[in-house]
Structures are given as structure tokens and as C-alpha cells.
Amino acid sequence: MSAHRRFVLIAIAGALIISVSGPLVRLSDVSPATSALFRCAYAVPPMLVLAWLERRRLGPLPLKGAVLAWLAGMVFALDLLFWHHAIEYVGAGLATVLGNLQVFLVAFAAWAVFKERPTSRLMIATPVVFCGVVLISGVFDSAAYGSDPMMGVLAGIATSISYAAFLLLMKAGSERAAGPLAHATVVCTVTIALLSPLFGGADFTPSWPEHGWLLLLALGPQVLGWSLITYSLPRQPAALTALLLLIQPMTTMAISALALDERPSPLQFAGCAVIVLGVLYGSRRKSPAPAPPPVVEAGV
């Protein structure tokens with residue numbers, strides 16, 4: 001298996017794992033600020049262990065990587081706070097779709113910052129995938145799901161902006177996985193705690209079984225899922241990773257329909273199919289042209 005294909009599969013595995021984030025947030029049945037805070041707080045201890053093991057193997061994290069991880073943690077806090085509010089407004093499935101509009105922002109920001117010119121396949125697939133996202137969002141659907149779709153859209157757009165910034169900062173920081181993610185998770189936890197009064201406030205007293213769902217959210221998507229994504233992110237174009245992460249909303253839609261009785265319309269199902277085709281096409285690379293046969297000169 002080629003290295004490119006291996007990293008694509010790792011990113012896809014991470015996207016599938018984090019796809020259960022939205023349903024777990026809804027099952028926890030706590031306020032958005034509370035779920036955002038504790039999904040990170042519960043993830044800190046295992047992330048610190050993983051970072052310590054990585055440090056023993058590779059040495060201390062360079063200062064540049066640490067600083068960028070701290071900045072990533074700050075914007076990831078905004079990402080989670082906005083996204084958890086979007087879940088409250090439009091449900092787990094649609095909120096996850098709206099939060100993944102980052103594919104455009106990442107693709108063109110990576111072009112500007114990292115000089116990663118998008119491949120022709122990626123350029124073709126991006127608007128196709130966006131069409132799927134629009135269909136899933138229910139913008140043109142009279143049966144749109146959600147208690148406040150307009151606020152959900154606004155929160156989703158804010159999520160996408162901060163999500164794109166997080167991905168780019170994590171890519172720019174270091175090729176390590178555990179160390180940068182541990183730094184980002186700690187800073188994210190502190191930032192959410194400080195900003196929580198602006199987002200409806202967080203309940204700092206754990207209650208069960210609600211926090212059992214949040215613990216599962218922390219250990220699964222937050223630790224395992226994001227560790228896989230962070231590992232693959234620096235090893236392939238940022239725009240490709242962003243496109244692959246759009247597998248997450250498709251999977252979340254299916255899980256939410258089964259576990260939470262969120263019923264997407266036929267147009268939203270069509271959007272899922274469009275996303276699948278776009279991701280499959282955009283993630284492929286053209287095989288290099290075979291080298292021409294050597295020219296054998298006639299002897300004299």
C-alpha cells in the first residue's frame with residue numbers, strides 16, 4: 001500500500017470516529033457550553049499520556065509547534081462552542097454538515113499559505129461536494145429540520161471558519177500527532193471555561209449518566225479520532241484532508257437518523273450521495289505517467 005493511500009485511510013478512519021460526536025452531544029442532554037467543556041476536559045489526561053510517550057521517543061515538542069498548537073486550541077474552543085450551539089438549533093446531523101463548509105476555506109487558504117495548489121480533481125470535486133452539502137442543509141427544502149434553522153446556519157458558518165483555522169494551524173505546527181493535540185486540548189479546555197459565560201454558561205458539576213456520554217465523547221472522537229486526523233494532516237495536502245473530513249457529516253446524518261430519529265428529506269439523502277461521489281473522486285490522484293523506454297544508440 002502506498003504512503004498516500006495509507007494516510008488517506010487514516011484520515012477516513014478519524015473522520016468516521018468523530019462522526020459520532022454530534023449524536024453523543026445530543027445524548028448527553030446538557031447545555032452546549034457544558035458539553036464543549038467536558039469533552040475536552042475528560043480528554044486531557046489520556047492526551048497527556050500519549051504526548052509523554054511521544055516526547056520520550058522524539059524529544060520535546062519544538063517551540064514553534066507548541067505555540068501554533070496553543071493558537072489552534074483557542075480557535076478549536078470557538079469551533080466547539082459554536083458547533084454545540086448549532087446542534088441545539090438544527091440537530092446533530094445538519095449541524096455537522098454546516099460545520100464542515102470549511103473545505104473551501106482550507107483549500108484556498110492552504111493554496112495561499114502553504115503553496116499547495118489544489119489538484120484538478122480536487123478543484124472539480126469541491127463544488128460538487130458543496131452542492132451535496134447544500135442539499136443536506138435543507139436550504140431549498142420546505143421540510144427543513146430544526147428548532148431555529150437560521151441561527152443554526154449562522155452558528156454553522158462560524159464553526160466552519162474556526163474549524164478551518166484549527167486545521168491549518170495544526171498542519172503548520174508539527175508532523176507529530178499526540179504532542180500538538182495535547183497542547184491544543186489543554187488550551188481549548190481553559191478557553192472554553194473562560195468563554196462559557198458568553199455562550200450560555202457551563203455547569204461545572206458532573207452529573208450521571210449525562211457525563212458518561214461526555215466521557216465516551218472524549219475518549220472516542222476527541223482522543224482517538226482527532227489523534228488519527230492530526231497524524232495524517234501534515235502528511236498530505238490540507239485541502240485533501242478537509243475534503244475527506246466531509247465523510248463525517250454524511251455518517252453523522254445516518255447515525256442521527258437511526259439513534260436520534262432525525263429524519264432527513266429525500267433531498268438531504270441525495271446530498272449524501274453527492275458527497276460520497278465527490279470525496280471518492282477528489283481523493284484519487286492520477287497515476288504518474290510511465291517513464292519512456294531508454295533510447296539505445298547504435299554503436300559506431
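The values are calculated or read from the model by the stated rules, or taken from the named source; none is laboratory data. Since this is a predicted model, take the numbers as computed values, not measurements. For neighbour counting, all protein chains shown are included, and Cβ atoms are generated from backbone atoms with ideal geometry for every residue, glycine included.
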Considering residues that are touching a Ser or Thr at 6+ places or on another chain (Cβ under 9 Å) and either crowded, with 21+ Cβ neighbours inside 10 Å or without any contact (Cβ under 8 Å) to a residue 12 or more places away in the chain (or both), the number found within region 42-55 is 2
Exactly one of (1) at pLDDT 75 or above; (2) surrounded by 22 or more Cβ atoms within 10 Å (Cβ to Cβ); (3) not small (Gly, Ala, Ser) is unmet by Val103. Its number? (1)
Check whether at least one residue in region 272-279 is more than 15 Å from Thr96 (Cα to Cα) and either modelled with pLDDT under 75 or exposed (fewer than 11 other Cβ atoms within 10 Å of the Cβ) (or both), and report yes or no. yes
Confirm whether Ala178 is buried (at least 18 other Cβ atoms within 10 Å of the Cβ) and within 27 Å of Val49 (Cα to Cα). yes
Could you check region 1-29 and list, in sequence order, the residues that are buried (at least 22 other Cβ atoms within 10 Å of the Cβ) and not in a helix (DSSP H, G or I)? Ser19, Val20
Is it the case that Glu88 is crowded, with 21+ Cβ neighbours inside 10 Å and at pLDDT below 95? yes
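Going by the structure shown, is Trp70 at pLDDT 95 or above, surrounded by fewer than 20 Cβ atoms within 10 Å (Cβ to Cβ) and assigned to a helix (DSSP H, G or I)? Write out each step before concluding.
Values: at pLDDT 95 or above: yes; surrounded by fewer than 20 Cβ atoms within 10 Å (Cβ to Cβ): yes; assigned to a helix (DSSP H, G or I): yes.
So Trp70 fits the description; yes.
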